[in-house]
Amino acid sequence: MAAILLLALLCGGAFAGLAYEAVAGGSRSSAISNSRIFGVVRFTLFQAIFSTLLSVVPALLVARALSRHDRFFGRELLLRLFAVPQALPAIVAALGVLALYGRGGLLAEPLGHLVEGRWPGIYGLSGILIAHVFFNLPLAVRLFYEALQTIPHDHWRIAGQLGMGGFAQWRFIEWPVLRRAAPSIAGLVFMLCVTSFAIVLTLGGGPAATTLEVAIYQALRFDFDPFAAVVLTLLQLALTLAIIAGLALLGGRYAEFASLSIVSRRYVQPKAFEAIANILLVVLAALFVLAPMIAVVISGLKSELGRLVSESSVQRAALTSLVLAFLSACLAVSLSFGLVSTRKRLEMLRRNAGSATLAERLCDGGASMILVVPPIVIGAGWFVLARHAGDVFAIAPVMVVTVNAAMAMPFVVRTIRPSFDAAAERHDRLAASLGMTGWYRFRLVDWPAMRVSLLSGFAFAMALSLGDLGVIALFGSDSLQTMPYLLLSRMSSYRTADAAGLALILAALSFALMSLAGRARSGQ
Amino acid sequence: MRIETIVCSAALALAVITQHVQASEKLTIYTYESFTADWGPGPQVEKAFEAECGCDLEFVSVADGVALLNRLKIEGESTKADIVLGLDTNLTAEAKASGLFAPHGIDMGNVSVPGGWSDDTFVPYDFGHFAVIYDTEKISTPPASLKELVAQSGDTKIAIQDPRTSTPGLGLVLWMRSVFGDDAPAAWADLKDTILTVTPGWSEAYGLFTSGEVEMVLSYTTSPAYHMIAESSERYQAATFDEGHYMQIEVAGITSQGADNSLSARFLAFMTGPGFQDVIPETNWMFPAGKIEKPLNPVFDTLVKPSKTLLFSPEEVAANRRDWVEEWLEVMGR
């Protein structure tokens, strides 16, 4: 419950700060006229729903394809690479995507034949969708894959004994698990797309493609109208809540089977036809995600990497980023663990009695709502409070860590929840009958069962925080330069090549993190 | 227990990262981020001024000029800033209205900007003109006027910035206004076909340009100087426009808090002299607005010299900015 309180405090504090400022400063006219707000809302929802569908549906199939085969060449590598886009600043990813599909991109010539004339690029809805799928498809694949790993091996054994075909296995074994995970994963992707900012503006091709996030940003920046910012943020929250609630209705209920894994081998091998289809699917997804990343790597290699790495400002930024990301990840994982276990306990308490309670839902989806509150709102609000409370500079690092942790929590919760729930189903009664609680229980029961997903959640949270720009720009003080901040500042002073090099270093760091987590995973 | 331990160790680690050095006589200047970057003017300016005054100069940087003013508004009377450096003339009217600035009271003999300068609150330190930069490998004859650019049709495109989020973006809106007046909306409608995309900030647009995605970009007349001096490349050049170029003047001012600090006025006076001005051209890539001792790199002589400087007064901008941006949005958002 502490986690929920912290999140509520984080948002509440920010709102209080801005509300205070609005009252004290007197709000001016609204930042955005009422006639236009309807169009903005429509476009925001439209692009977010489309992006979510295009990311989540293929991700379901790709995750399944990846999990179908005992030995899938390069699966671990692919899953690690799939975590990298999240650590890239939006503009770097956008340039990577454009290096392929843009007007000057690699594919511009062949695509030009299609349109008879010069390829106009992907500006507009298509560009937004491609970039969003590039970011979110790999994310969803990772999360679905994690969920599929919780299927007890006994199920496969039984499936083998019953001689189930591919379709029957999908219907009776995989789909129930995926369906249970889908609403929350789709919800996460949806929130990420609703709040997308730089991608929508850069690839949208003009102000016709404007999201609420842009309006909020504008309200706080040029117009400095805290009142409008709070109202727009609440509108964004309400809209997202409505969509998420709708998604929750789609999710089926599915009770885990309380059984211990006793076998580790697949009893069912896909038939040749399915194997080929699976490989095709994975190769397509890998091409789609890896190609822009390769573009990022290539342009990064063109920079003077040696000089960059030896620069003290780069080393300092890398260290700052790593320390901040490490602390955020610690906080995020601890809080997420608390949330996940509280939710499970609540679910146990009402065993078989109707649908999930409000508190339970809060522990589940509630934590994600933080994603829909723009960092600039949290930053500015707390800034106002901090000014009254004391030294703004002193709290800056604490703010960065806390907000990053809060932003990473929704991802971590989704990573660890399937394995926690499965482990709880299996061990709860035994632990209770032995009277194991607290630390002993965590060390002896939960840790061994959850080690893999906790580590992977931790690495992922770190990778996310590494790439975060959110609050740091607002609290920016020279003692707190992070890698993405340095990257953007190089870019804003003509040093595009340096920025490309830094993007490569950033990608390499997050890949190294995922590999470390992977090493720990296989070393168990 | 576990969580508390982690939080405590986190706080401890952070305390180590952010230790501050205290000194007796101190001047605090809020500025934008690229000013204090390693390659920006900040480090050299700091060294030069500290040697002269024997005091401690501390820069605190935020993202850009707009964020700078917002930061000051949030902090209000309790700000730590003695001086705010990095607002432009589009923001000065609003800054004055906030009542957070005090008259500078220094001698303006050194100051020179096109069109002259008289203001009792803000002192300019550099200026530049907006310009369309083009890729000579893709365009042989660039448009010769804003009218030509607007009328252009075909395959060459431009990337511009959003006036709601970026200074150059607002600059283009004002440029179009000063050339086309009330016909600006119609001109924007014509220009729309040539605009590839509208980015949130300067760096995204410039990144698209240098990565070969687009043939032209809205930037400054001084942009080619960077490529010529730092990269020895003449590939990117600015197009001269007949109607003249819109100007941006960057200024600094003393806050009402900083008025009591004797170092504040001393710094502004220093700012108009060679110790500061000599650093500006090749670190901030703008023209110096004060006295220099070191001659400008000859490359700056090869840059586009606007036949006419266009500039609205800060009051005109403050009064019309909302309407003009709204007008832009109306056309472009269609």
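The values are calculated or read from the model by the stated rules, or taken from the named source; none is laboratory data. Because the structure is a prediction, the values reported are computed rather than measured. Counting neighbours? That spans all protein chains shown, and the Cβs are built from the backbone with ideal geometry, glycine included.
Observations, loosely collected:
- Selection status of B:V66, closer than 27 Å to A:A499 by Cα and modelled with pLDDT of 95 or more: no
- On the stretch given as segment B:213-240, residues that are surrounded by fewer than 22 Cβ atoms within 10 Å (Cβ to Cβ), within 10 Å of chain A (Cβ to nearest Cβ) and out of contact with any strand residue (DSSP E or B) (no Cβ under 6 Å at 6 or more places or on another chain) total 3.
- One residue from B:K47, B:K96 being part of a helix (DSSP H, G or I), under 22 Å from the mean Cα position of the chain (by Cα) and modelled with pLDDT of 90 or more: B:K96
Yes/no per residue for (1) surrounded by fewer than 22 Cβ atoms within 10 Å (Cβ to Cβ); (2) modelled with pLDDT under 80; (3) of a type outside the set (S, T, N, Q):
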position	(1), (2), (3)
A:A329	no, no, yes
A:L335	no, no, yes
A:G338	yes, no, yes
A:S341	yes, no, no
A:M348	yes, yes, yes
A:R351	yes, yes, yes
A:L358	yes, yes, yes
A:C363	no, yes, yes
A:V372	no, yes, yes
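- Number of positions in segment A:408-464 that are over 19 Å from A:E347 (Cβ atoms) and not in a helix (DSSP H, G or I): 2
- For B:T141, the criteria (1) assigned to a loop (DSSP other than H, G, I, E, B); (2) hydroxyl-bearing (S, T, Y); (3) within 19 Å of the chain's Cα centre (by Cα) hold in every case but one, which is (3).
- Count - residues of segment A:201-214 that are more than 9 Å from chain B (Cβ to nearest Cβ) and in a helix (DSSP H, G or I): 2
- Scanning segment A:318-334 for residues that are at the interface with chain B (Cβ under 8 Å from one of its Cβ atoms) and farther than 14 Å from A:Y485 by Cα gives A:V323, A:L327, A:C330, A:L331, A:S334.
- Residue that is surrounded by the fewest Cβ atoms within 10 Å (Cβ to Cβ) [pool: residues in segment A:421-455 that are within 28 Å of A:L513 (Cβ to Cβ) and touching an Asp or Glu at 6+ places or on another chain (Cβ under 7 Å)]: A:D421
- Looking across segment A:491-518, the residues that are crowded, with 24+ Cβ neighbours inside 10 Å, more than 20 Å from B:P200 (Cβ to Cβ) and small (G, A, S) come down to A:G501, A:A507, A:S510.
- Between B:T136, B:T167, the distinction of being among the polar types (S, T, N, Q) and under 25 Å from the mean Cα position of the chain (by Cα) belongs to B:T167 only.
- Of the residues making up segment B:174-211, just one is without any contact (Cβ under 8 Å) to a residue 60 or more places away in the chain, more than 18 Å from B:Y246 (Cα to Cα) and aromatic (F, W, Y), namely B:Y206.
- The sole residue among A:L106, A:L54, A:L78, A:L111 that is free of Cβ contacts under 8 Å to residues at least 60 places away in the same chain and either within 14 Å of chain B (Cβ to nearest Cβ) or assigned to a helix (DSSP H, G or I) (or both) is A:L111.
- The set of residues in segment A:114-133 being part of a loop (DSSP other than H, G, I, E, B) and either surrounded by 22 or more Cβ atoms within 10 Å (Cβ to Cβ) or in contact with a Cys (Cβ under 9 Å, 6 or more places away or on another chain) (or both) consists of A:G121, A:I122, A:Y123.
- Test for B:L172: is it more than 9 Å from chain A (Cβ to nearest Cβ), closer than 14 Å to B:V132 by Cα and within 15 Å of the chain's Cα centre (by Cα): yes
- Residue in segment A:186-197 that is among the polar types (S, T, N, Q), in a loop (DSSP other than H, G, I, E, B) and surrounded by fewer than 21 Cβ atoms within 10 Å (Cβ to Cβ) present: no
- Meets criteria (out of contact with any Leu (no Cβ under 9 Å at 6 or more places or on another chain), outside any strand (DSSP E or B) and farther than 23 Å from B:G128 by Cα) for B:E77: no
- Any hit, segment A:422-436, residues being away from chain B (no Cβ under 14 Å), at pLDDT 80 or above and touching a Leu at 6+ places or on another chain (Cβ under 6 Å): no
- Odd one out for B:N284, checked against (1) within 14 Å of chain A (Cβ to nearest Cβ); (2) out of contact with any helix residue (DSSP H, G or I) (no Cβ under 8 Å at 6 or more places or on another chain): (2)
- Selected residue [out of contact with any strand residue (DSSP E or B) (no Cβ under 9 Å at 6 or more places or on another chain), more than 14 Å from chain B (Cβ to nearest Cβ) and without any contact (Cβ under 8 Å) to a residue 12 or more places away in the chain] from A:W175, A:W156, A:W170: A:W175
- Residues of segment B:50-64 that are more than 11 Å from chain A (Cβ to nearest Cβ) and either in contact with a Ser or Thr (Cβ under 6 Å, 6 or more places away or on another chain) or outside any helix (DSSP H, G or I) (or both): B:G54, B:C55, B:D56, B:L57.
- Residue in segment B:95-107 that is crowded, with 19+ Cβ neighbours inside 10 Å, within 21 Å of B:T283 (Cβ to Cβ) and among the small types (G, A, S) present: no
- Pick from segment A:377-398, criterion of a type outside the set (G, A, S) and surrounded by fewer than 23 Cβ atoms within 10 Å (Cβ to Cβ), ranking: modelled with the highest pLDDT: A:V398
- Test: B:K308 is surrounded by fewer than 18 Cβ atoms within 10 Å (Cβ to Cβ) and touching a residue at least 60 places away in the same chain (Cβ under 8 Å): yes
- Scope segment B:39-62; condition surrounded by fewer than 22 Cβ atoms within 10 Å (Cβ to Cβ), aliphatic (A, V, I, L, M) and either closer than 12 Å to B:K26 by Cα or free of Cβ contacts under 8 Å to residues at least 40 places away in the same chain (or both); matching residues: B:A51, B:V60
- Selection from segment B:188-207 of residues that are within 7 Å of chain A (Cβ to nearest Cβ), hydroxyl-bearing (S, T, Y) and closer than 21 Å to B:P224 by Cα: B:T199, B:S203
- Taking segment B:214-291 as the region of interest, the helices (runs of 4 or more DSSP H) fully inside it that hold 3 or more residues being closer than 28 Å to B:G76 by Cα are B:262-271.
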